[in-house]
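J.: Before I ask anything, here is the structure I am working with.
Bear in mind these aren't lab numbers, they're just calculated from the coordinates by the rules spelled out. Everything quoted here is computed from the prediction, not taken from an experiment. Cβ coordinates were reconstructed from backbone atoms using ideal geometry, including for glycine residues, and neighbour counts include every protein chain displayed.
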Amino acid sequence: MDLTVVTAIVSAAAALSGIVLGWAGRARSVKQDAKQETKEEALQRADVEYIKRGVDDMKVEQKLQGQRFEAFSERLTRVEESSKQAHKRIDRLEEGRG
């Protein structure tokens, strides 16, 4: 065989092996990227779920605070009414003595 033919065959084999190895490396890289994206997406979903639960807990707490405030307002109104009545009775007692 001629030296140029051998050189051409070796060059062609090197080029083919480079293509095959490059393709295999690219396929491996794509698989690793997909795994990484999947992990990141799972973590993001878990974080979003955690945030949702936190928001739900805050909504419940806010509702309870609203109920406590309404109950407190109602009690305050009763105390004010009672205080007003007591002042009227005190005024009548003082008028009776004076």
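J.: Could you please let me know if residue 54 is more than 33 Å from the chain's Cα centre (by Cα), surrounded by 10 or more Cβ atoms within 10 Å (Cβ to Cβ) and of a type outside the set (Asp, Glu)? Outline the logic, then answer.
T.: Values: more than 33 Å from the chain's Cα centre (by Cα): no; surrounded by 10 or more Cβ atoms within 10 Å (Cβ to Cβ): yes; of a type outside the set (Asp, Glu): yes.
Spelling it out, it is not the case that residue 54 is more than 33 Å from the chain's Cα centre (by Cα), surrounded by 10 or more Cβ atoms within 10 Å (Cβ to Cβ) and of a type outside the set (Asp, Glu).
J.: So which of 5, 20, 10 ends up being part of a helix (DSSP H, G or I) and exposed (fewer than 10 other Cβ atoms within 10 Å of the Cβ)? So that I can check it myself, show each step before the final result.
T.: Working: 20 fails: exposed (fewer than 10 other Cβ atoms within 10 Å of the Cβ); 10 fails: exposed (fewer than 10 other Cβ atoms within 10 Å of the Cβ).
Criteria check complete, one pass: 5.
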